[in-house]
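> Have a look at the structure that comes next, please.
The values are calculated or read from the model by the stated rules, or taken from the named source; none is laboratory data. Because the structure is predicted, anything quoted here is derived from the model rather than measured. Cβ: placed from backbone, ideal geometry, glycine included. Neighbour counts: every protein chain shown.
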Amino acid sequence: MADLSWSSSKSDWEKFVGYLDPRPGDTILDIGAGKGTVSRRVMAMADGVKVTAVDPDPKRIATLTKDLPGVSAHVSGAESLPFPDRSFNKAYSTFAAHHFIDFGKALLEARRVLVPGGSMVIVDVNPLSTRGRVIRFFENTLQRSRMNFMERDQMVSIMVEKGLLVKESSLGKTSYMVLALRRD
């Protein structure tokens, strides 16, 4: 599900890296990993980073597993993560949140698997941008799916409601990013 066209802007990718801040020894969960495009780049950012990836599509996970043997990959939706409580110190989701069946439940699951003080970064389509309008039309009209595209302020509000402390957010031309911490 990850789409790196947003990272064609060097500043967008640098902002994501700054929000995630991967360090040696980090255990990081990629939620909605797709074929592992972002997982690959995150693994290369710091020695000893351990990335675990989940995606509901078995074909994408098979591709990810073949291409990235260093990533622990699991077929799973965001609403029911197959990990014990407090398994990761960081998590992220890039352009997958609008695919989540129940975003509130997905956030509660992400919070559950984060250690206290652990960070969560969400990057998703800005539905008010020209690109966002095209994507919404394509996915919700032509494909007859019902994606839940949220504006940044909606995302921030739900994250706070589900027990995350929003530290920072940014709005770009086609996407937004939110950095939040698990508070206990």
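> Pull out all pairs, ordered by first then second residue, where Cβ-Cβ is under 7 Å, the residues are six or more apart or on different chains, the first lies in the stretch 155-182 and is farther than 14 Å from VAL125 by Cα and without any contact (Cβ under 8 Å) to a residue 12 or more places away in the chain, and the second is part of a strand (DSSP E or B) and of a type in the set (Lys, Arg).
none
> Note down all Cβ pairs under 8 Å where the first residue falls in the stretch 83-106 and is surrounded by fewer than 17 Cβ atoms within 10 Å (Cβ to Cβ), the second is part of a helix (DSSP H, G or I) and among the acidic types (Asp, Glu), and they're at least six residues apart or on different chains.
Hits for this filter: GLY104/GLU161.
> Separate question: Being of a type in the set (D, E, K, R), at pLDDT below 95 and farther than 14 Å from GLN154 by Cβ is the filter here; which residues of the stretch 98-127 pass it?
ASP102
> Something else: Suppose we keep only residues that are part of a helix (DSSP H, G or I) and crowded, with 20+ Cβ neighbours inside 10 Å within the stretch 16-36. Which one would you say is modelled with the lowest pLDDT?
PHE16
> From the list VAL49, VAL17, VAL54, VAL71, exactly one residue is touching a residue at least 24 places away in the same chain (Cβ under 8 Å) and under 21 Å from SER170 (Cα atoms). Which is it?
It is VAL17.
> Same structure again: When you go through THR94, THR130, THR141, THR174 one by one, which is the residue that is modelled with pLDDT under 90 and touching a helix residue (DSSP H, G or I) at 6+ places or on another chain (Cβ under 6 Å)?
Answer to the selection: THR174.
> Condition check: in contact (Cβ under 8 Å) with a residue 24 or more places away in the chain, more than 15 Å from ASN89 (Cα to Cα) and within 11 Å of the chain's Cα centre (by Cα). Does ALA33 satisfy that?
yes
> Got a sec? Which of VAL42, VAL134 is outside any strand (DSSP E or B), aliphatic (A, V, I, L, M) and farther than 24 Å from ASP26 by Cα?
VAL134
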